[in-house]
Amino acid sequence: MKVPLTSSHGIYRDTDASVRVRRWCREQLQHRDVTHSLTRLETPLGSTTVLSTGTRAGLPPVVLLPGTGLNAATTLPTVRLLHGKHRVFVPDIPGEPGLSSSHRPHRHRLRAYGAWLDNLLPQLSAEPVILVGHALGAAIALAATPSAGIAALVLVNPAGLVPLTPTRALTRLRTRSIRNSRGGNSERILTHLLSPRYLADENLTDWFSMLTRDCTPSRPPRRLPTDTVRRWAGQLPIIVATGEHDTLLEPERLRDPVRSLLDVELRTIPRCGHLTLRERPHAVAELITQLP
């Protein structure tokens, strides 16, 4: 019996929730000052919508893989800083809230996402790309196959190297959100994901309210097999960074695995928590400029 790649149900609580989330994403993209196009591509995980923007300035294209609960519409602060120097592609990850397929992989989640990325990259660019992965997106990047089509890796708040360790308070809030879908816990959830010095804007708060109200939460990404991660070491330039205040992937837990598995030193982004693509987009852009 063939095992299905995607689950039999989508991530949204009902059809109206799907409509609300997709409408919100399209409205954000329409009203922001980033000129772009949206392309729908067929992949092993179903329909994948990709935002394309930016210029061809002689620098490698950037493929940005957002983390859990994020997508092209919610990562525009980072996209805005990159598209003046690079051609930028941001796929909404299938099985995450956004404009792509609403179905998550049924089994072997990261392996399925790695195969999805292997299929997607040649559809985006004929030249080697800089692969920038945030959180779940970083784990997906590491689960993909190293190839000549990838010029460099930039991994930010990377999942897949160590288990995620949400605090007890955050776990309670997420459990409460599953039982009560009215979305009232979003601001408190954000306090556990962001740096203490970062004040979430209304846009981000609205998005997390929508997530808790309209979407079923996903499981945290598992740690990747050691051999899967070590394939990348020494093959291409790699930068790995996490937030000083990331309570899910603390610098002290990531430092040794990053060194032993990828042969690079972990960088710490000051005044930053887990949502670097929103908190410190300039830091992400700076990491890319530091690639050799």
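No value in this document is a laboratory result; all are computed from the given coordinates. Here the structure is a predicted model, which is why all the values come from computation and not from measurement. Glycine also receives a Cβ, built like all others from the backbone with ideal geometry; neighbour counts cover every protein chain displayed.
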field: Cα lying deepest toward the dipole's positive end in the chain, options A285, V88, N71, charges on Cβ
entry: N71
message: Around H245, under 13 Å between beta carbons, what's the net of Lys plus Arg minus Asp minus Glu among the other residues?
response: -2
message: Compute the orientation-averaged projected area for the stretch 112-161 from the convex hull of its Cα atoms and round it to one decimal in nm².
response: 3.0
query: Can you name the helices of the chain, as whole DSSP H runs, whose Cα span along the helix axis is 20 Å or more and whose Kyte-Doolittle mean is not below -0.5?
result: 109-124
task: Give, as a single signed number, the net charge of other residues whose beta carbon lies under 11 Å from the beta carbon of T55, with Lys and Arg counted +1 and Asp and Glu -1.
output: +3
query: Which order do peptides 233-242, 58-67, 92-101, 281-290 fall in by mean Cβ count within 10 Å, highest first?
result: 92-101, 58-67, 233-242, 281-290
query: In whole Å, how far is the Cα centre of the stretch 247-262 from that of the stretch 91-151?
result: 22
query: Relative contact order for the chain using alpha-carbon pairs under 8 Å, separation at least 6, rounded to a whole percent?
result: 18
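By how many nm would the segment from E244 to A57 grow when fully extended, if each residue of separation counts as 0.36 nm and the alpha-carbon distance is taken off?
Working: separation 187, 0.36 × 187 = 67.32 nm, distance 3.26 nm.
Full extension of this stretch gives 64.1 nm more.
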query: Once the Cα gyration tensor of the stretch 6-289 is diagonalised, what are the square roots of 5 times its eigenvalues, in whole Å and ordered largest first, as equivalent ellipsoid semi-axes?
result: 25, 22, 19
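In debye to the nearest 20, how big a dipole does the stretch 6-289 give about its Cα centre with +1 on each Lys and Arg Cβ and -1 on each Asp and Glu Cβ? Please report the intermediate quantities before stating the final value.
Details: 36 positive and 24 negative charges, 141 e Å.
With only Lys, Arg, Asp and Glu charged at Cβ, the dipole is about 680 debye.
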- prompt: Who wins for biggest fluctuation among D246, D118, D263 in a Gaussian network model of the chain, springs between alpha carbons below 10 Å?
  reply: D263
